[in-house]
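Take a look at the structure below.
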Amino acid sequence: MSLRIQTNVEAFNAHRNLLATSDQLARSMERLSSGYRINRAADDAAGLAISEKLKAQIGGLEQAQRNAQDAESLVQTAEGAMAEVQAMLQRVRDLAVQFNNGTLSASDKAAITAEVAQLCAEIDRIGSQTSFNGIA
């Protein structure tokens, strides 16, 4: 009794080609469904490394942008406080010029002195209580 082994080379080749095509189809479907050209390191290792580096740079730039916006808000807060102080100092200057007017009575000068004291107290309050995000 003889044993014969028969192989169908064409069937093996067709099966191998079918598996390769199925694998390519699965990768293409994954790319289409995710919207990304690179889904894993096996797709393009160099491209993935570049992509990760760019993602890190984007994250850093986004944080830098938020920091710049916070700094701008801080400067605007300080600018508002300084504008108030400037207006008060201008009023103190006007009162000082008025105080030196020889026609004022003692009660007028006392009222000017009281107003200047109030303005100075308000300037001190602005200086000590102006803050941005808890930073004085």
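Is it the case that the range 27-38 has a residue that's farther than 30 Å from ILE123 by Cα and touching a helix residue (DSSP H, G or I) at 6+ places or on another chain (Cβ under 6 Å)?
Step one: filter the range 27-38 for residues farther than 30 Å from ILE123 by Cα, giving 27-38.
From what is left, the residues that are touching a helix residue (DSSP H, G or I) at 6+ places or on another chain (Cβ under 6 Å) are 38.
Scanning the range 27-38 turns up at least one residue that is farther than 30 Å from ILE123 by Cα and touching a helix residue (DSSP H, G or I) at 6+ places or on another chain (Cβ under 6 Å).
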Checklist entry - Taking the stated definitions as given, is SER51 surrounded by 10 or more Cβ atoms within 10 Å (Cβ to Cβ), touching a residue at least 12 places away in the same chain (Cβ under 8 Å) and on the phi < 0 side of the Ramachandran plot? => result yes
Next on the checklist: I'd like to check something: does the range 82-93 contain any residue that is over 30 Å from ILE38 (Cβ atoms), at pLDDT 95 or above and within 28 Å of the chain's Cα centre (by Cα)?
Outcome noted: yes
Next on the checklist: Looking at the range 76-88, I want the residues that are within 15 Å of ILE135 (Cβ to Cβ) and have a partner that is of a type in the set (A, V, I, L, M, F, W, C) with Cβ atoms under 7 Å, at least 6 apart or on another chain. Which pairs are those?
Outcome noted: THR77/PHE132; ALA81/ILE126
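Return yes or no: is LEU104 assigned to a loop (DSSP other than H, G, I, E, B) and modelled with pLDDT of 90 or more? Full working, then the answer.
Numbers: assigned to a loop (DSSP other than H, G, I, E, B): yes; modelled with pLDDT of 90 or more: yes.
Yes.
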Checklist outcome for this item: Among the residues of the range 12-38, the number that are within 19 Å of SER51 (Cα to Cα) and of a type in the set (A, V, I, L, M, F, W, C) is 2
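Kindly evaluate VAL75 against the criterion of being β-branched (Val, Ile, Thr), surrounded by 12 or more Cβ atoms within 10 Å (Cβ to Cβ) and at negative phi. Break it down into steps so the answer makes sense when it comes.
On the way: β-branched (Val, Ile, Thr): yes; surrounded by 12 or more Cβ atoms within 10 Å (Cβ to Cβ): no; at negative phi: yes.
No: the conditions fail for VAL75.
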Item to check | Criterion: exposed (fewer than 10 other Cβ atoms within 10 Å of the Cβ), under 30 Å from LEU119 (Cα atoms) and among the aliphatic types (A, V, I, L, M) - qualifying residue of VAL9, VAL92, VAL97, VAL85 | outcome: VAL97
Next on the checklist: Going through GLU72, GLU52, GLU10 one at a time, which residue ends up being under 30 Å from SER131 (Cα atoms) and either modelled with pLDDT of 90 or more or assigned to a helix (DSSP H, G or I) (or both)?
Outcome noted: GLU72
Item to check | Matching residues, the range 20-49, being assigned to a helix (DSSP H, G or I) and among the acidic types (Asp, Glu) | outcome: ASP23, GLU30
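Of all residues in the range 107-136, which are outside any helix (DSSP H, G or I) and over 29 Å from SER73 (Cα atoms)?
Result: no residue meets the conditions.
The values are calculated or read from the model by the stated rules, or taken from the named source; none is laboratory data. Because the structure is a prediction, the values reported are computed rather than measured. As a convention, Cβ positions derive from the backbone with ideal geometry for all residues, glycine included, and neighbour counts pool all protein chains shown.
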